[in-house]
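Note sheet for the following structure.
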Amino acid sequence: MKTSNNVCEEITFARLYGDLGGAIRNFIYFKCGDSARAEDLTHEAFIKLWQNCAKVPQEKAKSFLYTVSNNMFLNEVAHQKVVLQHAKLQPHKVNVQSPEYLLEEKQYHKRLQKAIGNLTEAQRTAFLLNRIEGKKYVEIAEILSISVKAVEKRMSQALASLRKEIEEL
């Protein structure tokens, strides 16, 4: 019976993709705000799962996918920070019309227009997973590898911040 649940089997892998692909994509989209990038990172996470299918039991596949996709996103953010820092050191070489610059500018303005953009990443992620994805606190805790109490705290802080922003408008 265990062999029928092996992640290395195409049927099982396809079912995992069908069940988790959209949620992983949304998770990354909530973090980066770029649907194409979220789609790419989702595919890359599933490629890593396939490459490591013999090492990842099916019951750990969901956690593996969230962790891998989150780590890939964080690596990209760190790389962009290095690129931007390098550009600041050499401002005469910065191309203000570069796709990277224009994308960051668009994302910056989008964040400014929304009260949710003022939340910390931890608060925003927990809030969007709960309110948009409909995930329960226990599920969010599992996805983010934190305790349920930490999820409750993030949600409480996010809601308090959003209430304050709405009152100021």
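Where a number appears in this text, it was derived from the coordinates with a stated rule and is not lab data. Since the model is a prediction, treat every value here as computed from it, not as a measurement. We place every Cβ from the backbone using ideal geometry, glycine too, and count neighbours over all the protein chains shown.
Quick look at the values:
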| item | result |
| --- | --- |
| Gain upon complete extension [residue 146, residue 43; 0.36 nm per residue less C-alpha separation] | 34.6 nm |
| Distance in nm between pseudo-label sites at residue 77 and residue 55 (7 Å out along the Cβ direction from Cα) | 2.4 |
| Rough spin-label spacing in nm, given labels placed 7 Å along Cα→Cβ, for residue 102 and residue 163 | 4.3 |
| Taking 101, 66 and counting other C-beta atoms within 10 Å, the order from fewest to most | 101, 66 |
